[in-house]
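Contents: one structure, followed by commentary.
The values are calculated or read from the model by the stated rules, or taken from the named source; none is laboratory data. Quick caveat, the model's predicted, so the values are computed rather than measured. Backbone-built Cβ (ideal geometry, glycine too); neighbour counts: all protein chains shown.
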Amino acid sequence: MENGISVMESTNVLKNFVKMGVSAISYLRNLFAEHVFEDATIGGLPLKRLKRSTPESTAILDWIDYGIYDALGKEYLKMLIVSIHDNSNVILESYNFTFQYHNNCEADNNCSLGLSVKSDFGNGGEIHEALSSIHKDDIKTQTITVLRDLVLLTQSLSPLPENRFVSMKLLYYEERVPEEYEPEFFKRATAMDHNLNEQINMEHNVGQLETGFHNMAIQVRSCCYVDESMTTHRTSTRKFDSQPNPTRSI
């Protein structure tokens, strides 16, 4: 299918989603000041994107650009966990990004793969490139839908405590990752890192993005959800319009 995407393009879709997703979470949960963000749109969906404006925002982007992207590109990354802690290191909220790759499909019945082959002619003769059988417009629509749903859910959460801290944890496919592998800016987790307490009263599966080469699913877990049927206090301290503008695109 000529309107499919290549594996490199599929990887870039996931990379862009991770950066925009983390940026949206950071903005809506007031993790940084307003000036640390810039306006961005995906398919007419207005969003905020982190900038390298402070040491803290630069650190987050370094984790993404040099750590997460490396593990994702090598197809080692199984799950990215973005956690928000209070000052006693109790987890108040986590955003879990789970990744599947075409090489794992045979062992995982939840992985859906559809590919076709594109042939081109260059100086070296005929070149064959595998393309996803999922149309690139469908992938774009999925991206917008899942991002919008992530924004809407995050907007529905009650404000976090004033003192809160962010961490990221990477889980790998053990059968794929070398024993000594640690991406830049990350270190091997300790027993203490694995045994953090949680205060969670809500788990919600936001959605799933399928490209034909990769699957990505997102789950939000939070202590800050308040049932509307019990109270009218269900708000965040910062919002932006999450309705897409059809006159604007990527």
Among the listed residues Asp149, Asp137, which satisfies the condition of being part of a helix (DSSP H, G or I) and exposed (fewer than 12 other Cβ atoms within 10 Å of the Cβ)? Asp137
Looking at (1) without any contact (Cβ under 8 Å) to a residue 12 or more places away in the chain; (2) touching a Pro at 6+ places or on another chain (Cβ under 9 Å), which one does Gly67 not meet, given that it meets all the others? (1)
Can you tell me which residue is farthest from Ser10 (Cα to Cα) among those in the stretch 201-220 that are of a type in the set (A, V, I, L, M) and out of contact with any His (no Cβ under 8 Å at 6 or more places or on another chain)? Met202
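Yes or no, residue by residue, for (1) surrounded by 12 or more Cβ atoms within 10 Å (Cβ to Cβ); (2) modelled with pLDDT of 90 or more; (3) within 23 Å of Leu61 (Cβ to Cβ):
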| position | (1), (2), (3) |
| --- | --- |
| Ser158 | yes, yes, no |
| Glu162 | no, no, no |
| Val177 | yes, yes, no |
| Phe185 | yes, yes, yes |
| Thr211 | yes, yes, no |
What's the number of the condition Cys111 fails, among (1) surrounded by 19 or more Cβ atoms within 10 Å (Cβ to Cβ); (2) modelled with pLDDT under 95? (1)
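Could you please find all residues in the stretch 1-33 being hydrophobic (A, V, I, L, M, F, W, C), more than 18 Å from Leu61 (Cβ to Cβ) and touching a Leu at 6+ places or on another chain (Cβ under 8 Å)? Spell out how you get there, then give the answer.
Step one: of the stretch 1-33, the residues hydrophobic (A, V, I, L, M, F, W, C) are 1, 5, 7-8, 13-14, 17-18, 20, 22, 24-25, 28, 31-33.
Narrowing the set further to residues that are more than 18 Å from Leu61 (Cβ to Cβ) leaves 1, 5, 7-8, 13.
If the condition is that a residue be hydrophobic (A, V, I, L, M, F, W, C), more than 18 Å from Leu61 (Cβ to Cβ) and touching a Leu at 6+ places or on another chain (Cβ under 8 Å), then Met1, Ile5, Val13 are the ones that fit.
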Among the residues of the stretch 82-101, count how many are under 19 Å from Phe185 (Cβ atoms), aliphatic (A, V, I, L, M) and modelled with pLDDT under 95. 1
